[in-house]
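The values are calculated or read from the model by the stated rules, or taken from the named source; none is laboratory data. Only a predicted model underlies this, so the values are computations on that prediction, with no experimental measurement involved. Note that each Cβ is placed from the backbone with ideal geometry, even for glycine, and that neighbours are counted across all protein chains shown. Remember, those area values only see protein heavy atoms, side chains included, never the ligands or the DNA or RNA. Shrake-Rupley method; radii C 1.70, N 1.55, O 1.52, S 1.80 Å.
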Amino acid sequence: MTQTQASAPAATARALVEASQQVLDAALAHAALVTEGGRLIDEHQVHTERVAYLATQVRAARELLSHVERIAAAGRPDALLERMAHAYAAEVAHELRSQREAARPDFGLEDEQARPLWVDEIAAAIDAGLDEGFLRAIGRDVISSLGVNNTDLEDEVAQLTRDMARNFAKTEVEPLAQEIHRQDLLIPDELLDKFSAQGFFGSSIPEQYGGTGMGDLPAIVITEELSAVSLAGAGSLATRPEILTKALLAGGTEQQREEWLPKIASGEVLVAIAVTEPDVGSDVASVQTRAEPAEHEGERGWRINGAKAWSTFSGRATLLALLARTDPDPAAGSRGLSLFMIPKPAYDGRHWRFEQPEGGVIEGTANPTPGYRGMHSFTLAIDDLWVSHENLVGGDEGVGRGFYFQMGGFAAGRLQTAGRASGLAQAALEKACQYVTGRSQFGTQLAEFQLTQYKIGRMAVHVAAGRQFTYQAAREFDDRAPEPSMAKLLTCDIAGEVSREAQLLHGGWGYSEEDPISRYVVDSLVLPIFEGVKPILELRVIGRALLAAAAQ
Ligand SMILES: Cc1cc2nc3c(=O)[nH]c(=O)nc-3n(C[C@H](O)[C@H](O)[C@H](O)COP(=O)(O)OP(=O)(O)OC[C@H]3O[C@@H](n4cnc5c(N)ncnc54)[C@H](O)[C@@H]3O)c2cc1C
């Protein structure tokens, strides 16, 4: 094969992706028409969800394929990944074809428009990519390398970063991970110090503000490696500061950036996010917590009253990024919200209370959870909490713009979460490979059973597709684009599915709390919930963006 010639599996995958794209574009165009460019999504929620998810899968197939094509063109072909690209593209094409068959009136396509997925060459490529023998062969190859992820990152800095992060994860985090989970402990300070010393908190903060300025891809790779040993004990540490960092870079004053970003980068301040409220979740624009203009000893500031829910790590954190309503007129909606940075002391434990010298009080009570342990998520009661005007993100210009800063930050959080999910799925895949090579039943190693090979083949294909989509979303990070949300949507589902399949492969031992696989399963359950619960991403973020674009 010359460097520019595509391998047979890659060429087949290319044909499948282009055929799927053609049909998808027609489906999106019709959905855009019916929903008036996304305005009437709520009258067509089920179909919008369908096309948003299919678009996400087609995009993942494209990114996996583009990756294998690029590395082949660079003279570093990966034959296994090329077969995976074919398998995933076939699965997605098949999914699109069958969804359209099952809901023809909703798709509204003429047979001619759906034809690209039925022509002989494509139908044969789908059959070949779904063939169980083809997937079993992939599974066997994955098992023989114990599922280890050595995928080409196409970037030297990212490659070195992965080695360093993996080494840190294995030596510093892994020995603590099970204990943190089983005893529901907070991440020990010693580990936080080591994490800070590695510069992990500053990986996506520009150098001028004290970060390492590595960029979004290395930052995601760090999160992925840490999440592969512990989602909450290390893998999620960078998400909170990342949300505030992006908000500060987008809307903070220069003085705020200079004051806070170096402290975030060094780990001197640890950040928690307080947006969700007991009665307000996905509908962020309806936040009820109120901030009213106030003065304390001649200083201009705000008094905040209300309640927040699910504020992860807000006990140990020393800076809360809190969204509150500064315009009392409910009609102001999202334009009435501002983002505040509230310094506080660090507390251990499940209950804490901070009485400010200025007279305000904030009290946190942890919500018990089956997984995602290590940081605790708190309900917050807020009573006359004082915050200086200097700590309103954006200063005077930032009043009423908190929602937009926060949403930009959430896009970064979603990308982080795609990295977290990829890491968790990878951990489950590797654990499954180890288990099936170490156990025999009926005189046969589990890895030798056809069904085991098939399952592992499918798991590995999904993990690879989610990962490459995530990496590409990181390389091209744009907080206004749907891609970070699409990558998050898909990888979180993959993490759930792969960890449960891996648990099943462990039989009863997979249900034991002593085995990390049971931790991966309970941890994975939270992934489609936070940083935008799955249906909201599908409908209001991805569906809306794609249908608006398709209507142009
Ligand atoms: C462990 C954990 C940690 C968290 N950490 C943080 C944190 O640090 N900071 C923070 O601010 N928040 C945090 N959250 C909160 C999280 O972001 C919210 O749970 C999430 O945004 C969803 O909000 P909700 O739980 O109120 O669900 P709701 O918004 O009430 O949604 C519940 C369900 O209703 C349905 N639904 C809602 N709206 C629609 C619609 N328009 N169309 C169709 N269906 C709809 C969907 O099925 C949805 O899943 C955390 C949550 C958890 C579980």
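Scan segment 386-402 for residues that are within 16 Å of the ligand (Cβ to nearest atom) and not small (Gly, Ala, Ser) and jot them down.
Scanning segment 386-402 gives a single hit, 393.
Looking at residue 62 and the list (1) of a type in the set (Lys, Arg); (2) within 20 Å of residue 488 (Cβ to Cβ); (3) without any contact (Cβ under 8 Å) to a residue 12 or more places away in the chain, which single condition is not satisfied?
With (1) of a type in the set (Lys, Arg); (2) within 20 Å of residue 488 (Cβ to Cβ); (3) without any contact (Cβ under 8 Å) to a residue 12 or more places away in the chain applied to residue 62, the lone miss is (3).
Quick grid of which residues meet (1) without any contact (Cβ under 8 Å) to a residue 60 or more places away in the chain; (2) in contact with an Asp or Glu (Cβ under 8 Å, 6 or more places away or on another chain); (3) open to solvent by 50 Å² or more (accessible area, probe 1.4 Å):
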residue: 182; (1), (2), (3): no, yes, yes
residue: 211; (1), (2), (3): yes, no, no
residue: 230; (1), (2), (3): no, yes, no
residue: 244; (1), (2), (3): no, no, no
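Does residue 16 satisfy the condition of being out of contact with any Pro (no Cβ under 7 Å at 6 or more places or on another chain), open to solvent by 60 Å² or more (accessible area, probe 1.4 Å) and part of a helix (DSSP H, G or I)?
no
Out of segment 303-313, which residues are over 11 Å from residue 342 (Cα atoms), over 21 Å from the mean Cα position of the chain (by Cα) and buried (at least 22 other Cβ atoms within 10 Å of the Cβ)?
308
Quick one: which helices (runs of 4 or more DSSP H) lie wholly within segment 459-552 and hold at least 3 residues that are under 11 Å from the mean Cα position of the chain (by Cα) and at pLDDT 95 or above? It would help to see each step written out before you state the result.
Details: elements: 483-505, 516-524, 544-551.
Of the helices (runs of 4 or more DSSP H) lying wholly inside segment 459-552, those with at least 3 residues that are under 11 Å from the mean Cα position of the chain (by Cα) and at pLDDT 95 or above span 483-505.
Inside segment 489-508, can you point out the residues that are touching a Ser or Thr at 6+ places or on another chain (Cβ under 9 Å), touching a residue at least 60 places away in the same chain (Cβ under 8 Å) and not polar (S, T, N, Q)?
489, 490, 492, 494, 495, 498, 505, 506
Output the number of residues of segment 319-345 satisfying the condition of being within 16 Å of the ligand (Cβ to nearest atom), open to solvent by 10 Å² or more (accessible area, probe 1.4 Å) and of a type outside the set (Lys, Arg).
Number satisfying all stated conditions: 2.
Which of the following residues is open to solvent by 20 Å² or more (accessible area, probe 1.4 Å), on the phi > 0 side of the Ramachandran plot and either more than 16 Å from the ligand (Cβ to nearest atom) or outside any helix (DSSP H, G or I) (or both): 174, 154? First the steps, then the outcome.
Numbers: 174 fails: on the phi > 0 side of the Ramachandran plot.
Checking each option against the conditions leaves just 154.
Looking at 32, 73, 79, which one is of a type in the set (A, V, I, L, M) and surrounded by 19 or more Cβ atoms within 10 Å (Cβ to Cβ)?
Only one candidate qualifies: 32.
State yes or no: is residue 256 of a type in the set (S, T, N, Q), more than 10 Å from the ligand (Cβ to nearest atom) and open to solvent by 60 Å² or more (accessible area, probe 1.4 Å)?
No: the conditions fail for residue 256.
Quick check on segment 431-453. Is at least one of its residues under 27 Å from residue 409 (Cβ atoms) and of a type in the set (A, V, I, L, M, F, W, C)?
No.
Going by the conditions given, is residue 85 over 25 Å from residue 505 (Cα atoms), of a type outside the set (D, E, K, R) and open to solvent by less than 60 Å² (accessible area, probe 1.4 Å)? If you could, list the steps in order and put the result at the bottom.
Numbers: over 25 Å from residue 505 (Cα atoms): no; of a type outside the set (D, E, K, R): yes; open to solvent by less than 60 Å² (accessible area, probe 1.4 Å): yes.
So residue 85 does not fit the description; no.
Going by the structure shown, is residue 159 among the polar types (S, T, N, Q), farther than 22 Å from residue 515 by Cα and modelled with pLDDT under 95?
No; evaluated as a whole, the condition is false for this residue.
Please go through segment 348-377 and give me each residue that is away from the ligand (no atom under 16 Å from the Cβ) and open to solvent by less than 70 Å² (accessible area, probe 1.4 Å), ordered by number. Before you say what the answer is, go through the steps one by one.
Step one: filter segment 348-377 for residues away from the ligand (no atom under 16 Å from the Cβ), giving 348-349, 351, 353-361, 363.
If the condition is that a residue be away from the ligand (no atom under 16 Å from the Cβ) and open to solvent by less than 70 Å² (accessible area, probe 1.4 Å), then 349, 354, 356, 358, 359, 360, 361, 363 are the ones that fit.
Of all the residues that make up segment 42-64, how many are within 15 Å of the ligand (Cβ to nearest atom), open to solvent by 10 Å² or more (accessible area, probe 1.4 Å) and within 25 Å of residue 466 (Cβ to Cβ)?
6
So which of 290, 316 ends up being within 16 Å of the ligand (Cβ to nearest atom) and either open to solvent by less than 20 Å² (accessible area, probe 1.4 Å) or over 21 Å from the mean Cα position of the chain (by Cα) (or both)?
Result: 316 is the single residue among 290, 316 that is within 16 Å of the ligand (Cβ to nearest atom) and either open to solvent by less than 20 Å² (accessible area, probe 1.4 Å) or over 21 Å from the mean Cα position of the chain (by Cα) (or both).
I need every pair where a residue in segment 406-431 that is farther than 12 Å from residue 240 by Cα has its Cβ under 7 Å from the Cβ of a residue that is among the basic types (Lys, Arg) and open to solvent by 10 Å² or more (accessible area, probe 1.4 Å), sequence separation at least 6 or different chains.
408/246; 422/467
Quick check on residue 511: is it of a type in the set (Ser, Thr, Tyr), buried (at least 24 other Cβ atoms within 10 Å of the Cβ) and more than 27 Å from residue 55 (Cα to Cα)?
No.
Does residue 526 count as within 17 Å of residue 420 (Cα to Cα) and within 16 Å of the ligand (Cβ to nearest atom)?
yes
Quick check on my filter: what residues within segment 387-402 are part of a strand (DSSP E or B) and either basic (Lys, Arg) or surrounded by 19 or more Cβ atoms within 10 Å (Cβ to Cβ) (or both)?
Result: 387, 392.
In segment 408-422, is there at least one residue being within 14 Å of the ligand (Cβ to nearest atom), open to solvent by less than 10 Å² (accessible area, probe 1.4 Å), closer than 23 Å to residue 332 by Cα and not hydrophobic (A, V, I, L, M, F, W, C)?
Yes, because at least one residue in segment 408-422 is within 14 Å of the ligand (Cβ to nearest atom), open to solvent by less than 10 Å² (accessible area, probe 1.4 Å), closer than 23 Å to residue 332 by Cα and not hydrophobic (A, V, I, L, M, F, W, C).
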